[in-house]
Amino acid sequence: MNHPEPSPEERDRLLGEAVALRSRPDESAKEEARVRLVALAGRLPADAEVAYQTAWAHDVLGREAEAVPYYERALAATDTGTGLGEEDRRGALLGLGSTYRTLGRHEDAAALLGAAVEEFPEDGALRAFLAMALYNTGRHHAATRLLLTLLAATSEDPSVRAYRAAIEHYAEDLDAIEGTG
């Protein structure tokens, strides 16, 4: 049965109810949220926020392959200027990149997450997920360099902070040997 597009108030109510269900710890509530969000996404195919929340509902249930088209739809709408706010865009980029990686689409993950890091360079979670994707593509030096730089910049551990400059220096060239040549 084809339902008409909901009013903005109804859309917000339906979305809020589904997101609340997805946040509950029981799997049956998460599945009910997924079903409701799929239905709402069918009624609002151009709504980036609904697509993002639908993708997320699939991810929390381990249904990554089914999440991909919703993430892609949310980001495509955002790219046209009709979509997600900054925080949700970050979340969608991380979610899709992580999902690509989980599905073995490592090059897609590295490309998407690399662009996301360029867009949001201060986001440590994006950099950490990019490092995992780089590792999966065989770019171990780049992954390690990224993680070491992130560690040096964000660690509250006093022993790491004491060696911050050295960690940052060596992260640039992990194969360097001092005092040769």
Conditions (1) touching a residue at least 24 places away in the same chain (Cβ under 8 Å); (2) closer than 24 Å to Leu151 by Cβ; (3) of a type in the set (Lys, Arg) -> Arg127 fails only (1)
How do the pairs read when you match residues in the range 12-31 that are on the phi < 0 side of the Ramachandran plot with residues anywhere that are of a type outside the set (A, V, I, L, M, F, W, C) and open to solvent by 40 Å² or more (accessible area, probe 1.4 Å), using Cβ under 6 Å and keeping only pairs 6 or more apart or on different chains? Ala18/Arg36; Leu21/Glu32
If you go through Glu172, Glu122, Glu66, Glu168, the only one that is free of Cβ contacts under 8 Å to residues at least 40 places away in the same chain and either within 14 Å of the chain's Cα centre (by Cα) or within 30 Å of Ala41 (Cβ to Cβ) (or both) is Glu66
Does any residue in the range 138-163 that is free of Cβ contacts under 8 Å to residues at least 40 places away in the same chain and farther than 25 Å from Ala111 by Cβ come within less than 8 Å, Cβ to Cβ, of a residue that is open to solvent by less than 70 Å² (accessible area, probe 1.4 Å) and not hydrophobic (A, V, I, L, M, F, W, C) six or more places away or on a different chain, and which pairs are these? Ala152/Glu168; Arg161/Ser155
Pairs please, first residue from the range 104-119 and farther than 12 Å from Arg89 by Cα, second anywhere and open to solvent by 20 Å² or more (accessible area, probe 1.4 Å) and among the polar types (S, T, N, Q), Cβ atoms under 8 Å, 6+ apart in sequence or on different chains. His106/Asn136; His106/Thr137; Glu107/Thr137; Ala109/Ser98; Ala109/Asn136; Ala110/Asn136; Ala110/Thr137
Would you pick out the residues in the range 164-181 that are over 29 Å from Gly104 (Cβ atoms) and touching a helix residue (DSSP H, G or I) at 6+ places or on another chain (Cβ under 6 Å)? Arg164, Ile167, Glu168
Test Ala67 against the criterion of being of a type in the set (Gly, Ala, Ser) and within 26 Å of Arg105 (Cα to Cα), and give yes or no. yes
Identify, by number, the condition in (1) within 21 Å of Leu84 (Cβ to Cβ); (2) touching a Lys or Arg at 6+ places or on another chain (Cβ under 7 Å) that Lys30 doesn't meet. (1)
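The values are calculated or read from the model by the stated rules, or taken from the named source; none is laboratory data. Keep in mind it's a predicted model, so treat the numbers as computed, not measured. Note that we place each Cβ from the backbone using ideal geometry, even for glycine, and neighbour counts take in every protein chain shown. In case anyone asks, the SASA skips ligands and DNA or RNA and just uses the protein heavy atoms, side chains included. Shrake-Rupley method; radii C 1.70, N 1.55, O 1.52, S 1.80 Å.
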